[in-house]
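Below is one structure, written out as structure tokens; comments come after it.
The values are calculated or read from the model by the stated rules, or taken from the named source; none is laboratory data. Every value quoted in this text rests on a predicted model; they were computed, and no experiment measured them. In this analysis, Cβ positions are derived from the backbone assuming ideal geometry, glycine residues included, and neighbour counts consider all displayed protein chains. Heads up: the accessible areas ignore ligands, DNA and RNA and are worked out on the full protein's heavy atoms, side chains in. Shrake-Rupley method; radii C 1.70, N 1.55, O 1.52, S 1.80 Å.
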Amino acid sequence: GAVVSQHPSRVICKSGTSVKIECRSLDFQATTMFWYRQFPKQSLMLMATSNEGSKATYEQGVEKDKFLINHASLTLSTLTVTSAHPEDSSFYICSAKDRRAGLGNQPQHFGDGTRLSIL
Amino acid sequence: QKEVEQNSGPLSVPEGAIASLNCTYSDRGSQSFFWYRQYSGKSPELIMFIYSNGDKEDGRFTAQLNKASQYVSLLIRDSQPSDSATYLCAVKKGPGGYQKVTFGTGTKLQVIP
């Protein structure tokens, strides 16, 4: 089945550090990838939709200058949390959709997530 | 009103019983419905998806969709302790592959051995 690799799985760093998270589709090409954030005991909240070769679309309330998204190829999207603070500590999850699915309703494939802890 | 609503639980069922998980959604234009299972500290994994009214069965799992009532459910037969997890209902609006999916807050299921 389709595999999405997310790296790193866990990050612990000091306040003010910038952290980059990678999301790769291993056996398919993904024109679109999605970045979610999940706080404890809460649901997934979509942060942004990442489109290959163009600017990401951010959800309301998500600071695009703080959460930088780059989708430079059909298999890689990166999320950079700039100048991270303790309130940014969360579980970040990416997902991707096979470009061959076209405009169909096929589900997304999720990465294993990155647990970010800012001290 | 939340776009996708689920009872947070926990829902406790004995091993071997049927677990029934429910979800309602607010947008009548929604066309795709997904059930994901999420173990603590892990990312979601797809259980089933359904597009048409009625039932869809896959092994021990049955998804049920009633668009008139804006209701989707997941039945788990012969529940096992390994089924203990949080189950997320997700809904996608309309056609178009890249419209966002909205998740419910999840129902925690506990299967008691």
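Points to keep in mind about this one:
- Over chain B: Rg over Rh, Cα atoms, Kirkwood Rh: 0.96
- Restricted to Cα atoms, the protein assembly as shown shows a radius of gyration and a Dmax of 17.7, 51 angstrom.
- Across chain B, C-alpha contacts under 8 Å between residues 6 or more apart give a mean separation that, scaled by the residue count, equals a relative contact order of 38 percent.
- Hydrodynamic estimate: the Kirkwood radius of chain A over Cα pairs, inserted into Stokes-Einstein at 25 °C and 0.890 mPa s, corresponds to D of 172 µm²/s.
- Ordering A:55-63, B:45-53 by mean Cβ neighbour count within 10 Å, with the highest value first, yields B:45-53, A:55-63.
- Averaged over peptide A:40-47, the number of partner chain Cβ atoms lying within 10 Å of each residue's Cβ comes to 5.
- For A:Arg99, the solvent-accessible surface computed with a 1.4 Å probe is close to 110 Å², ligands and nucleic acids excluded.
- Rounded to the nearest 0.05, the FRET efficiency derived from the C-beta distance between B:Ser40 and A:Gln60 at R0 = 35 Å is 0.75.
- The residues B:Lys93, A:Lys66, sorted by heavy-atom accessible surface at 1.4 Å with ligands and nucleic acids left out, run B:Lys93, A:Lys66 from largest to smallest.
- Here's how it looks for B:Leu11: its modeled amide H is under 5 Å from those of B:Lys108, B:Leu109, B:Gln110, which are all 5 or more places away or on a different chain.
- Accessible area of A:His71 in the full protein assembly, 1.4 Å probe (Å², nearest 10): 10
- Relative contact order of chain A, defined on C-alpha pairs under 8 angstrom at six or more residues apart (%): 37
- Remark on chain A: A:Cys13 stand apart, with no other cysteine beta carbon under 4.7 Å.
- Per residue of B:25-34, other chain Cβ atoms within 10 Å of the residue Cβ number 1 on average.
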